[in-house]
Amino acid sequence: MSHSIIDASRYEPRGLILDFAGVLTASPLAVHRAWCVSEGLEPGAWRATLNDHPEGRRLYAALEIGEIGQAEWNEGTAALLGAHVDPVNLMGRAWAEVPPARRMVALARAARAAGHRLALLSNSFGLDPFNPYEHVGIWDLFDAHVVSELVGMAKPDPAIYELALERVGLPAEQCVFVDDHAVNLPPAADLGIATVHVTDEDAAVTELEALLGVTAVLAA
């Protein structure tokens, strides 16, 4: 019975709207902690500076919506982390070892091959000098790109989800939105978009395979 339901979905193009960090990449937390140690910082310094320090939060929020560029953010945040921290390509150095989420990327490729439309909906952490999307090699997977830095608004602003629907060209009821931050899901659900909360890559991929009628196949 369930097999026929999944097969039926193959004939209905759907919109798959994917977050980037923590969805198309592995969780960056362990990598960021190791990077902090390599820089002579406390393991939690990166997360504490971006999330808990008032100026760190202000700088990151400004970066997300394009009020400042990554180079300016690098300068300001390096100073908060410590006088010895080199600001040159700070974001790139911290993110360089975060691996792609290989099964989720394979799921996205399978969905596109099956005729579903893909949109990237990402709160940016800068594009220059370090472009995280090119670094992971996923930019060309998508039919539409909604990156907060480029559109001047960020999740969970409801308007950014409306823009993603407009760009993917499908009604909310035909779309699925995937994010690792629970706070970003309700605005999508309020529009009628199905949501998948990523807390485990394998579980999320299994859920999406059933929703989209595709199978994620890892390249050899």
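Structural remarks
- Test: residue in the range 7-16 that is at pLDDT 95 or above, open to solvent by 20 Å² or more (accessible area, probe 1.4 Å), assigned to a loop (DSSP other than H, G, I, E, B) and among the acidic types (Asp, Glu): no
- Matching residues, the range 58-102, being farther than 26 Å from ILE138 by Cα, among the charged types (D, E, K, R) and not in a helix (DSSP H, G or I): ASP86
- Odd one out for THR199, checked against (1) in a helix (DSSP H, G or I); (2) open to solvent by 40 Å² or more (accessible area, probe 1.4 Å); (3) under 19 Å from GLY22 (Cα atoms): (1)
- Residue in the range 147-196 that is nearest to PRO99 (Cα to Cα), counting only those that are part of a loop (DSSP other than H, G, I, E, B) and among the charged types (D, E, K, R): ASP180
- Candidate set: the range 34-44, residues that are open to solvent by 30 Å² or more (accessible area, probe 1.4 Å) and touching an Asp or Glu at 6+ places or on another chain (Cβ under 9 Å); chosen: the one farthest from THR77 (Cα to Cα): ALA34
- Of the residues making up the range 82-92, those that are under 24 Å from the mean Cα position of the chain (by Cα) and crowded, with 18+ Cβ neighbours inside 10 Å number 2.
- For the residues ALA144, ALA71, ALA106, ALA159, the requirement of being surrounded by fewer than 15 Cβ atoms within 10 Å (Cβ to Cβ) and either at pLDDT 95 or above or within 26 Å of PRO187 (Cα to Cα) (or both) singles out ALA159.
- Among the residues of this structure, ASN131 does not count as one that is surrounded by 19 or more Cβ atoms within 10 Å (Cβ to Cβ) and either at pLDDT 95 or above or of a type in the set (Lys, Arg) (or both).
- Residues (open to solvent by 50 Å² or more (accessible area, probe 1.4 Å) and among the acidic types (Asp, Glu)) located in the range 162-196: GLU162, GLU166, GLU173, ASP190
- For the range 24-39, the count of residues that are in contact with a Ser or Thr (Cβ under 8 Å, 6 or more places away or on another chain), within 23 Å of ALA154 (Cβ to Cβ) and among the hydroxyl-bearing types (Ser, Thr, Tyr) is zero.
The values are calculated or read from the model by the stated rules, or taken from the named source; none is laboratory data. A quick note: this is a predicted structure, and the numbers were derived from the prediction, not measured. So basically every Cβ, Gly included, is an ideal-geometry build from the backbone, and we count neighbours across all protein chains shown. For accessibility, only protein heavy atoms count, side chains too; no ligands or nucleic acids. Shrake-Rupley method; radii C 1.70, N 1.55, O 1.52, S 1.80 Å.
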